[in-house]
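Read through the structure below, which is laid out as structure tokens, and then see the notes.
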Amino acid sequence: MLPALFIKTDNVFWRCLTISNKELQINEEIRDREVRVVGSDGSQLGIMSSAQALEKAFEQNLDLVKIAPQATPPVCKIIDYGKFRFEQAKRDKEAKKNQRIVDIKEIRLSLNIDTHDFNTKVGHATRFLKDGDKVKASIRFRGREMGHPEQGYSIMRNFAEALSEIANVEKPAKLEGRNMLMFLASKPAK
């Protein structure tokens, strides 16, 4: 439960819940001498002391929130802070829902891959790319295969050509130790 702060003005007690937020100062947290006040309807109320602005906010049973601390004098707005936080959380949740996390799917090829196996791997990569994921194509060189990296480059080139209609090569084939890696990303929709 949040601690409540009771303030007595004109024989009326106001209950103010302290909602902690690092970037916005509300009510008594505003310690500036003068502030520019914007009303709850968006109208400019002018420059006044923070005590007067707080009084105006309490008269309307709303909160005084500092929205632009870097301005001279700082800009404060009279709003219902609980409602403001709720709407802000709702907007953040909606933005998070619309985000798409891109996964990297790996396709492992080999130097002595046959045509049908190669086409199957191309089909898998096509499905991954259409789902919006990136594809990491890799070849692991074993034993004496290290002596023939040009074969690996030709397989990677053929793989990129087979997917050229739907994918761009993000990072070209590169030999790193015993592995050859290449990254593909789907082409942007037109």
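The values are calculated or read from the model by the stated rules, or taken from the named source; none is laboratory data. Everything quoted here is computed from the prediction, not taken from an experiment. Because the Cβ atoms are built from the backbone with ideal geometry, glycine has one as well, and the counts that use them run over all protein chains shown. For accessibility, only protein heavy atoms count, side chains too; no ligands or nucleic acids. Shrake-Rupley method; radii C 1.70, N 1.55, O 1.52, S 1.80 Å.
Between the helical axis of 149-162 and the dominant principal axis of the chain, each derived from Cα atoms, what acute angle in degrees is found, rounded to the nearest 10?
Roughly 60 degrees between the two axes.
Can you pull out the trypsin sites (Lys or Arg not before Pro) in region 85-142 that DSSP calls coil and that have at most 10 other Cβ atoms within 10 Å? Show your work: numbers first, answer last.
On the way: sites: 85, 90, 91, 93, 96, 97, 100, 105, 108, 121, 127, 130, 134, 136, 140, 142; in loops: 100, 142.
Within region 85-142, the qualifying trypsin sites (Lys or Arg not before Pro) (loop, at most 10 other Cβ atoms within 10 Å) are 100, 142.
How far is helix 115-130 tilted off the main Cα axis of the chain, in degrees rounded to 10, range 0 to 90?
10 degrees
Assuming 0.36 nm per residue, please report the length gained on full extension of the stretch residue 131 to residue 166 beyond their Cα-Cα distance. Write out the running numbers ahead of the final one.
Details: separation 35, 0.36 × 35 = 12.60 nm, distance 1.15 nm.
Contour length minus Cα-Cα distance gives 11.4 nm.
Can you work out the accessible area per residue across the chain, with the rest of the protein chains kept in place, probe 1.4 Å, in square angstrom? It would help to have the intermediate numbers written out before the result.
On the way: 13090 Å² over 190 residues.
On a per-residue basis, 69 Å².
About the Cα centre of region 82-190, what is the dipole size in debye to 20, counting +1 per Lys and Arg Cβ and -1 per Asp and Glu Cβ, all else neutral? The partial results should precede the final answer.
Working: 24 positive and 15 negative charges, 143 e Å.
Using only the charged Cβ atoms, the result is roughly 680 debye.
Among the listed pairs 93/130; 56/97; 97/174, give every one whose C-alpha distance is greater than 31 Å.
Values: 93/130 26 Å; 56/97 38 Å; 97/174 36 Å.
Beyond 31 Å between Cα atoms: 56/97; 97/174.
What translational D, rounded to a whole number of µm²/s, comes out for region 31-102 from Stokes-Einstein when the hydrodynamic radius is the Kirkwood one over Cα pairs, at 25 °C and 0.890 mPa s?
Numbers: Rh = 13.4 Å.
The Stokes-Einstein estimate is 183 µm²/s.
Considering only protein heavy atoms and a probe of 1.4 Å, how much of the accessible area of the chain is carbon and sulfur, as a whole percent? Intermediate values should be presented prior to the final figure.
Details: 6490 of 13090 Å².
Here carbon and sulfur together make up 50 percent of the probe-accessible area.
On full extension of the chain, what length is gained from residue 96 through residue 175, given 0.36 nm per residue of separation minus the C-alpha to C-alpha distance? Present the calculation step by step, with values, prior to reporting the outcome.
Numbers: separation 79, 0.36 × 79 = 28.44 nm, distance 3.74 nm.
That works out to 24.7 nm of additional length.
Roughly what angle does helix 81-97 make with the longest principal axis of the chain, taking Cα atoms, 0 to 90 degrees, to the nearest 10?
Relative to the chain, helix 81-97 is tipped by roughly 10 degrees.
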